[in-house]
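> Have a look at this one.
The values are calculated or read from the model by the stated rules, or taken from the named source; none is laboratory data. For clarity, every value in this text was computed on a predicted model and none was experimentally measured. Here Cβ is always computed from backbone atoms with ideal geometry, including for glycine, and neighbour counts include all displayed protein chains.
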Amino acid sequence: MSRPSTGSEPDPWRVPVLVAQIPDTGLHRKLEASAAERQAMAEAGGLREILSAQADFDVVPRSGGRVQVTGSVRARIGQTCVVTLDPIESEVDEEVDLTFAPEAEARRLADLIAEGRDDKDSSEVADPPEPIVNGIIDLGRLATDALFLAIDPYPRKEGVVFEAEVTAPDPEDHPFAVLKALQDKKQDKKKGK
C-alpha cells in the first residue's frame, strides 16, 4: 500500500506508534492533520488543496508480533474538474483494515503469496501483511496512503459530461487524396489534347 518514494522528501503526515508500547488491549487513535500537513499532502498528491483530513484507528496486537490496524480515513479535498477546469470539492471516506508483521516475516509471506498467485486466481489470494519498519507503524502515512488511493483521478463537476467535438470528415482529407488529385490532373491533360 505504500506509495512510491519521491526521493528524500519526508512523509507529509507522520504519526509513529512504537509497536513495543501497544498494550495487549490495543489502542485507539483519533488523528487530525494540521494545516501544514494538509498542504504538504496536497502537494505530494497533486491536489489543489486538502481542506480537512481525519483518521480513526484501532491498533490491536496479534500473535507472532503482528498488529492489526482497522478504522477509517475521512477528508475533504479540492481538485480541478477534468472537463470544465473549474475548482471542485469532494469527500473521501475510506475504510482501512491492514495487518502489519515484522519485516522479515512480511517479506517471507509476500514471497509465499507471490508463488501462490502463479497457481491460483489472484482474486482468491490474500495480500501479504505490511512490514513493521524499525518497530514502528506510521499511522499518518497509513492515513495518507488510504486517502491517496481513494481519490478520483478524473474528478468531474456534478452533472458535467465530456462530449467530444464531432466533425464530418473532409472528403479531400484522406491518405490517397494526393494520388487522386494527380490522377485527375493526368485525365484533364488527356482530355485537353
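> With respect to the numbered conditions (1) in contact with a strand residue (DSSP E or B) (Cβ under 9 Å, 6 or more places away or on another chain); (2) among the hydrophobic types (A, V, I, L, M, F, W, C); (3) modelled with pLDDT under 90, which one is the sole condition not fulfilled by Ala114?
Looking at each condition in turn, Ala114 falls short on (1).
> If Asp11 satisfies every condition in (1) at pLDDT below 95; (2) out of contact with any helix residue (DSSP H, G or I) (no Cβ under 6 Å at 6 or more places or on another chain) but one, which is the exception?
Condition not satisfied by Asp11: (2).
> Looking only at residues in the stretch 135-193 that are at pLDDT 75 or above, of a type in the set (Gly, Ala, Ser) and in a helix (DSSP H, G or I), which one is nearest to the chain's Cα centre (by Cα)?
Ranking the qualifying residues of the stretch 135-193, first place goes to Ala150.
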